[in-house]
1. Given points 7 Å out from each Cα along the Cα-Cβ axis, report the M1 to K139 separation in nanometres with one decimal.
2. Rounded, prolate or oblate: which fits segment 54-104 when a ≥ b ≥ c are the square roots of the eigenvalues of the alpha-carbon gyration tensor, with rounded for a/c under 1.5 and prolate only if a/b beats b/c?
3. Rounded to whole Å, give me the distance from the Cα center of segment 9-78 to that of segment 125-157.
4. For segment 3-52, what does the convex hull of the Cα positions come to per residue, in cubic angstrom?
5. Hand me the chymotrypsin sites (Phe, Trp or Tyr not before Pro) from segment 181-216 located in a DSSP loop with no more than 11 other Cβ atoms within 10 Å, in residue order please.
6. With no solvent and one point on each alpha carbon, what is the Debye value of log10 I(q)/I(0) for the chain at q = 0.16, 0.17 Å⁻¹?
7. Probe of 1.4 angstrom, ligands and nucleic acids ignored: what's the accessible area per residue over segment 1-129, in square angstrom?
8. Quick one: accessible area per residue over segment 144-250, 1.4 Å probe, rounded to a whole number of Å²?
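The values are calculated or read from the model by the stated rules, or taken from the named source; none is laboratory data. Just so it is clear, the model here is predicted, and its values are computed rather than measured. All Cβ positions, glycine included, derive from the backbone under ideal geometry; neighbour counts span all protein chains shown. In case anyone asks, the SASA skips ligands and DNA or RNA and just uses the protein heavy atoms, side chains included. Shrake-Rupley method; radii C 1.70, N 1.55, O 1.52, S 1.80 Å.
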Amino acid sequence: MRKQIVAGNWKMNTTPAEGTELAKAVAELSKEVADNVSLIVAPPFTHLCSVAKTLAGTKVALSSQNCADQASGAYTGEVSARMIASLGASYVILGHSERREYYGETSEILNKKMAQAYANDLTPIYCVGEKLNERETGKHFDVVRAQIEEVVYQLAPEQFDRLIIAYEPVWAIGTGKTATADQAQEMHAYIRSVLAEKFGDKAAACPILYGGSCKPSNAKELFAKTDVDGGLIGGASLVAADFIAIAKSF
Ligand code: PEP
């Protein structure tokens, strides 16, 4: 059976003090979440240290939203995977559409970031997803296939064993417009088939999360689908009760 995972991407929201309060509330409510559901929160870099302390001893794991593509050195403003791991984070979100779109992250850059993540024992949550015009012109499967072939296919099989994928249609992120459960299932099954072409039976064990305006009111229907193993949650992860309600939707 695949892991069920709900991960919260806080993006560039909250001060460190507000983040600590949010993490406390999530940790407290996480006691209501089934043991087989893994919870992850991804605060901004500036909060990792304090949120790690808040989450110590709870079932909520810590992720960063990004990491540098280099190990260390003269890269002003960057934060390395080693620094992130040393603060107690276990995951890193890579390839988020906002990083691809606003910060020009290409597959070449993402391959370097993936290497840094694995070298420092961070599990990548690798995001894929098409833009609205790509879906409307029927290119969505090809776009997602390319995002997988260019990055995930470069992994060694034992690295792939530790990968989480998030399918996030760009047109659904922060728009309030969610993919239907059938659209999500169709793409998740496709992603799993593309993974199986390269990694064979291992693809059946890879968690594939849905992201894009997932909220308490639609999580149940999405998570009921065979290939939807949980969610990567943006806006709704900033409200502890909503985030936990989503995690209770399996
Ligand atoms: C995200 O950006 O990862 C995301 C899913 O955002 P939202 O839930 O706000 O659409």
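1. In this crude label model, M1 to K139 measures out at 4.1 nm.
2. Values: a/c = 3.22, a/b = 1.43, b/c = 2.26.
Oblate is the answer for segment 54-104, as a/c is 1.5 or above yet b/c matches or exceeds a/b.
3. Segment 9-78 and segment 125-157 have Cα centres spaced 26 Å from each other.
4. On the way: hull volume 3.6 nm³, N = 50.
Given the Cα convex hull of segment 3-52, per-residue volume reads 72 Å³.
5. On the way: sites: Y190, F199, Y210; in loops: none.
In loop regions of segment 181-216 (DSSP not H, G, I, E or B), there are no sparsely surrounded chymotrypsin sites (Phe, Trp or Tyr not before Pro).
6. For the requested q values the scattering log ratios are -1.18, -1.35.
7. Working: 6010 Å² over 129 residues.
That works out to 47 Å² per residue.
8. Details: 4030 Å² over 107 residues.
I get 38 Å² per residue for segment 144-250.
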